1. Loosely packed, with under 15 Cβ neighbours inside 10 Å and part of a helix (DSSP H, G or I): does that describe residue 48?
2. Looking at segment 51-69 only, could you name the residues that are out of contact with any helix residue (DSSP H, G or I) (no Cβ under 7 Å at 6 or more places or on another chain) and in a helix (DSSP H, G or I)?
């Protein structure tokens, strides 16, 4: 009796751990159509493929497209393009962790127009 309960408990723990590990990836899944539109939008902003900046741009834009917000997708791509320019102006090597963190931080900042609108 004790062995069967232990076995059942172990199975529940393993299944729970597997589900907990898979759910973050499922939440970030994006449709192929959204990714295709996002890649086009990022390329239009001058962000070249095969880079961390391009990956960040397509991830943000694809999420917006999946939510049915093409305007937001364009804004996200523009924000990442501005972040890329800002980080390049700091003479950071695009292959370093510092550059990746810079792009993420710059892209997460609220656009200046939003800040001005909130002040009034």
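The values are calculated or read from the model by the stated rules, or taken from the named source; none is laboratory data. These numbers were taken from a predicted model, which means no experiment stands behind them. Here the Cβ is made from the backbone with ideal geometry for all residues, glycine too, and neighbour counts use every protein chain on show.
1. Values: loosely packed, with under 15 Cβ neighbours inside 10 Å: yes; part of a helix (DSSP H, G or I): no.
When the stated conditions are applied, residue 48 does not pass them.
2. Within segment 51-69, the subset out of contact with any helix residue (DSSP H, G or I) (no Cβ under 7 Å at 6 or more places or on another chain) is 51, 55, 59, 63, 67-69.
55, 59, 63, listed by residue number.
Every residue, every condition in (1) surrounded by 11 or more Cβ atoms within 10 Å (Cβ to Cβ); (2) at pLDDT 65 or above, yes or no:
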residue	(1), (2)
15	no, no
20	no, no
27	no, no
39	yes, yes
54	yes, yes
68	no, yes
71	no, yes
80	yes, yes
